[in-house]
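Below: one structure, written as structure tokens.
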Amino acid sequence: MKKVALYIFCLFFATAGFGHFILEPFFTGAMPEWVPFRKAIVYISGVMEILLAIGLFMKRTRKQAGLLIAVFLVLVFPVNVYMALTAENYDVPAIVLWLRLPLQFVLIWWVLKIRK
């Protein structure tokens, strides 16, 4: 079961990374206007998510990648809060944006469990 959870998380995280390239305008718009280099940040974070997913998949780097993913999820949490507070700017129901906040903690718990 742990392997399945690992593979699902890796697939989810890599897909999210590719999403940064496919849906770049959405991710760029998710950040406050005052953030500089928003487009570059979106692309860099997409690459990071893909590389971290690969690192989590590989047994040799799993522990380090899992910890880095947890840190990454903490660092992007303010963007999720911003989106929930400015839900009217998105074509996503506000409740989805608010429910996404506790999901971030579930993802952190999940990756810390499967990295061992």
**Prompt:** Do we find a residue being within 26 Å of Lys2 (Cβ to Cβ), surrounded by 16 or more Cβ atoms within 10 Å (Cβ to Cβ) and among the aromatic types (Phe, Trp, Tyr) anywhere in region 75-88?
**Reply:** no
**Complete:** Taking region 39-61 and keeping residues crowded, with 18+ Cβ neighbours inside 10 Å, over 19 Å from Ile22 (Cα atoms) and not hydrophobic (A, V, I, L, M, F, W, C) leaves Gly55
**Request:** Evaluate the following for Gly66: is it under 22 Å from Lys116 (Cα atoms) and crowded, with 16+ Cβ neighbours inside 10 Å?
**Result:** yes
**Prompt:** Is at least one residue of region 34-48 part of a loop (DSSP other than H, G, I, E, B) and aliphatic (A, V, I, L, M)?
**Reply:** yes
**Request:** Filter region 15-29 down to the residues that are among the hydrophobic types (A, V, I, L, M, F, W, C) and out of contact with any Asp or Glu (no Cβ under 7 Å at 6 or more places or on another chain), then identify the one that is nearest to Glu49 (Cα to Cα).
**Result:** Phe18
**One residue from Phe27, Phe21 being assigned to a helix (DSSP H, G or I) and modelled with pLDDT under 95** = Phe27
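The values are calculated or read from the model by the stated rules, or taken from the named source; none is laboratory data. Since we're looking at a predicted model, the values are computed, not measured. In this analysis, Cβ positions are derived from the backbone assuming ideal geometry, glycine residues included, and neighbour counts consider all displayed protein chains.
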